[in-house]
1. Toward the positive end of the charge dipole of the range 49-233, about the Cα centre and with charges on Cβ (Lys, Arg +1; Asp, Glu -1), which of 143, 106, 215 goes farthest?
2. Checking the cross-link filter: which aspartates and glutamates have an alpha carbon closer than 14 Å to that of residue 175, excluding same-chain neighbours under 8 positions apart?
3. In a solvent-free Debye calculation with one equal scatterer on each Cα, what is log10 I(q)/I(0) for the range 53-148 at q = 0.10 Å⁻¹, listed in the order of the q values?
4. Could you please rank 224, 156, placing first whichever residue has the fewest other Cβ atoms within 10 Å of its Cβ?
5. Among 150, 66, what is the fewest-to-most ranking by other Cβ atoms within 10 Å?
6. Over the alpha-carbon set of the range 120-182, divide Rg by the Kirkwood Rh and report the Rg/Rh ratio to two decimals.
7. Name the residues whose placed amide hydrogens come within less than 5 Å of the amide hydrogen of residue 184, ignoring near sequence neighbours (fewer than 5 apart) on the same chain.
8. With all pairs of different alpha carbon atoms counted, what Kirkwood hydrodynamic radius in Å does the range 49-233 show?
Amino acid sequence: MKNRWTSFRHHSRSISNEISNESGNVLAYILIAVVLFGALGFALSRQTRNAGTAELDAARLEFFASEVIGYSVHAKSVIDQMLITGSSINDLDFTVPGDSDFNIHPHGNKVYHPQGGGLDAKRLDEDITVSKEPEEPGWYMTSSMNVEWSESGASDVVLTAYQINKPLCALLNKKITGSEDIPALSGQMKDYFIDTGANNDLSVSACAACEGYSALCVSNSNGDAFGFYSVLTAR
């Protein structure tokens, strides 16, 4: 009887050990499965996140393109209204808020003053600007240049989103011309679009591919600085 009981205890201990070993193996498999599932989930979530980021970037680029075009259209309507109500192109004052003489009377011909044209002095978002030329990126307006394909040889009013990035420039041109090609100016953009009182004229010799376009995105001759110009009113 004693031997049989001892044998039974040994046998039960053996079964218990086998069950314990099997349980340990199952637990190990479960842990491995959890780790693998977690790794797979992380990889999938990262792929989804990356795809979402790409889509978001494209959406943001579309938003900025619409914003640039929209602001140009709005600026044109402001200038048109000022000319209808008595201002002349030669009278237009492009002084912006923060300049020392912004609040010095009279204000009627000031494009950005609430008592003049009332145009918002918008800033370009840093996400769409690249600084390659001496002047700061931003919106600039000038009436010190002539666009050769405008109605006369007199000065025209031109608004420029100066030193935007290349992807935005390409997208703007695709919306206007159907192509992402970016024409290059002869020299620096600042010599055309930053108001100096004696800007370079926008001529066919300066940019043959620009001919006929009242709005287009161009680069400097180096191809590393970009700007979207819009003729607000032509003479």
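All of the numbers you see were taken from the coordinates with simple rules; none came from a lab. On a predicted model such as this, the values are computed, not experimentally measured, just so you know. Here the Cβ positions follow ideal geometry from the backbone for every residue, glycine too, while neighbour counts run over all protein chains shown.
1. Of the listed residues, the answer is 215.
2. Qualifying aspartates and glutamates at Cα under 14 Å: 62, 67.
3. Reported log10 I(q)/I(0), two decimals: -0.35.
4. Final ranking by Cβ density, sparse to dense: 224, 156.
5. Exposure proxy ranking, most exposed first: 66, 150.
6. Values: Rg = 13.6 Å, Rh = 13.4 Å.
The Rg/Rh ratio comes out at 1.02.
7. Result for residue 184 returns 219.
8. Radius from the Kirkwood sum: 17.0 Å.
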